[in-house]
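The values are calculated or read from the model by the stated rules, or taken from the named source; none is laboratory data. Fair warning: this is a prediction, and the values are worked out from it, not measured in the lab. All Cβ positions, glycine included, derive from the backbone under ideal geometry; neighbour counts span all protein chains shown.
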Amino acid sequence: MRLIFRSHAAFKYSLCIAAMAAILQYKGFAQTQTLSPGQNLGRSIFKELIEINTTHSTGNTTIAANAIAKRLIAAGFTQKDIQVTGPGSRNQNIVARLHGTGKAKPILFLAHLDVVEARREDWSLDPFKLTERDGYFYGRGTMDIKDGASILIADFIRLKKEGYMPDRDLILALTAGEEAGADYNGVYWLLKNRRDLIDAEFCINMDAGDPQIKNGKRINRTIQASEKGFLSFSLESKNPGGHSSLPSKNNAIYHLADGLVRLEHFDFPAQLNEVTRAYFGKMATIETGQSSFDMKAVSVNPFDTAAISRLSESPYYNALIRTTCVATMLEAGHATSALPQYAKAIVNCRVMPGSTQAEIQNTLTQVVADSQIIVTPMNDLMDNPASALKLELMQKVAAVTGKLWPGVIILPVMEVGATDGIYLRGAGIPTYGISGVFIDVDDNRAHGKDERIGVKEFYDGLEYEYNLIKAFGSGH
């Protein structure tokens, strides 16, 4: 097609008119687009939860739990189907039950209500206000994990109003203290004090297993089926000390420093399992070049040392392959003019499922190789078996994913950090991280400044989890 403009001025004028029309058309679309009732509900719940401060220091998950209870009762849940309880007056969980026919054991759906700290002066906008801007929802907890909590609440309400009768009870647990440690952790408290409320055949955890986007393209649907254990040690060297004008070779700081350097250069042996081997096998179909060959190799032969060595150059792949222990804190000395009487380091270990606390402590003692360095555990390693990748579960996830997101591959993963799943797996409840909200792998702002998720991704997740809940709840 040939376009003829009578003059340069006329051309510029035409461009201006076209640009203005496009802007007006976009604004008109943005203003006239409507949300479905389910989307409106999800957004309303999301806004309410974001704007309740649930940080451990100054916030209150009990307020959020009571707000959720009010919504559930209005939707038709009875008071006896809802329990607000937990480890402290400001740290309450809410557990609700959608009753089924009882043909199978219940399923637990989990997210936590608490969030990490957020200071207004650190953010570009108010962290405790839901802000929608440029296609994103901003606010503390938008990614971790009030989006997941809001989605579960909205979907349970939708199912209740539809009169849905699953083959089994569906349990909704929104908990306190995930970010605050075991003493305040709502899941840990429930397992110790009210396991009857959350006992289930398995759990779907919204705090893990995020589907992923890269460069605007949906690349995978992850399923988190295992996670590493958390174990910290103090490494301490003591010495009589003395005056700094009379130094000797027997120095507490030097002893500790030499031991830490030996730890720096040590790698725990490779320890791939069912989940990580499946992960590398799937990733081999996405990656290219040497990485693809190496991933395929270790998925077939977990003892391929050359492939393991090359993959371990990536911090993430290294963390998937083996237990890691790293120095995170240092403390030493008592005066500038005195020889140090002590030197202490904190070493944090992320432990592969199947390893024991005694094994890790013995290994650290051997690696630092100094009788003057005392290695002491600071917490107990919890039993943390991987959750089996059962065929029926994988088939249902595949069916929902194929229906809503055709072409997106399913990728089993092991969490290199930790979630509440560690408590559940240790208590014998298999747990699978299956969030429905796509996360940009290059824009993960969880715990950070201006935390956000995509608006479209939130609404897509709302529909995905609705279909997933129904898939798990029926046809056992």
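Tabulated data
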read-out: Residue that is farthest from the chain's Cα centre (by Cα), among those in segment 348-362 that are buried (at least 18 other Cβ atoms within 10 Å of the Cβ) and not hydrophobic (A, V, I, L, M, F, W, C); value: Ser355
read-out: Sole residue being over 30 Å from Leu246 (Cα atoms), surrounded by fewer than 15 Cβ atoms within 10 Å (Cβ to Cβ), charged (D, E, K, R) and free of Cβ contacts under 8 Å to residues at least 40 places away in the same chain, chosen from Glu331, Glu313; value: Glu313
read-out: Meets criteria (within 27 Å of Thr142 (Cα to Cα), acidic (Asp, Glu) and touching a Leu at 6+ places or on another chain (Cβ under 8 Å)) for Asp207; value: yes
read-out: Spans of helices (runs of 4 or more DSSP H) in segment 261-351 with at least 2 residues closer than 23 Å to Ala418 by Cβ and in contact with a helix residue (DSSP H, G or I) (Cβ under 8 Å, 6 or more places away or on another chain); value: 274-283, 315-321
read-out: Residues that are among the small types (Gly, Ala, Ser) and touching a Ser or Thr at 6+ places or on another chain (Cβ under 7 Å), drawn from segment 337-382; value: Ser337, Ala338, Ala343, Ser355
read-out: Members of segment 288-299 that are at pLDDT 95 or above and either surrounded by fewer than 17 Cβ atoms within 10 Å (Cβ to Cβ) or polar (S, T, N, Q) (or both); value: Gly289, Gln290, Ser291, Ser292, Phe293, Ser299
read-out: Residues (buried (at least 23 other Cβ atoms within 10 Å of the Cβ) and under 25 Å from the mean Cα position of the chain (by Cα)) located in segment 163-180; value: Leu170, Leu172, Ala173, Leu174, Thr175, Ala176, Gly177, Glu178
read-out: Pick from segment 71-101, criterion surrounded by fewer than 14 Cβ atoms within 10 Å (Cβ to Cβ) and among the β-branched types (Val, Ile, Thr), ranking: farthest from Leu174 (Cα to Cα); value: Thr101
read-out: Residue pairs meeting the criteria (Cβ under 7 Å; at least 6 apart or on separate chains; first assigned by TED's automatic domain parsing to the domain that holds Ala154, in segment 75-88; second in a strand (DSSP E or B) and of a type in the set (D, E, K, R)); value: Asp81/Arg97
read-out: Matching residues, segment 55-78, being farther than 18 Å from Ala96 by Cβ and among the polar types (S, T, N, Q); value: Thr55, Ser57, Thr58, Asn60
read-out: Qualifying residue in segment 367-379 (condition: under 30 Å from Leu256 (Cβ atoms), modelled with pLDDT under 95 and out of contact with any Lys or Arg (no Cβ under 7 Å at 6 or more places or on another chain)); value: yes
read-out: Total residues in segment 424-476, condition assigned to a helix (DSSP H, G or I) and either hydroxyl-bearing (Ser, Thr, Tyr) or farther than 22 Å from Ala154 by Cα (or both); value: 6
read-out: Test: Glu121 is among the charged types (D, E, K, R), free of Cβ contacts under 8 Å to residues at least 24 places away in the same chain, out of contact with any Cys (no Cβ under 7 Å at 6 or more places or on another chain) and at negative phi; value: yes
read-out: Unique match (being in the same structural domain as Ser248 (by TED's automatic domain parsing) and either surrounded by 20 or more Cβ atoms within 10 Å (Cβ to Cβ) or over 21 Å from the mean Cα position of the chain (by Cα) (or both)) among Val375, Val400; value: Val375
read-out: Some residue of segment 122-137 being over 19 Å from Gly421 (Cα atoms), of a type in the set (Ser, Thr, Tyr) and buried (at least 17 other Cβ atoms within 10 Å of the Cβ); value: yes
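Quick grid of which residues meet (1) part of a loop (DSSP other than H, G, I, E, B); (2) modelled with pLDDT of 50 or more; (3) over 32 Å from the mean Cα position of the chain (by Cα):
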position: Arg6; (1), (2), (3): yes, no, yes
position: Ile17; (1), (2), (3): no, no, yes
position: Phe29; (1), (2), (3): no, no, yes
position: Leu35; (1), (2), (3): yes, yes, no
position: Arg43; (1), (2), (3): no, yes, no
position: Asn53; (1), (2), (3): yes, yes, no
position: Ala65; (1), (2), (3): no, yes, no
position: Val95; (1), (2), (3): no, yes, no
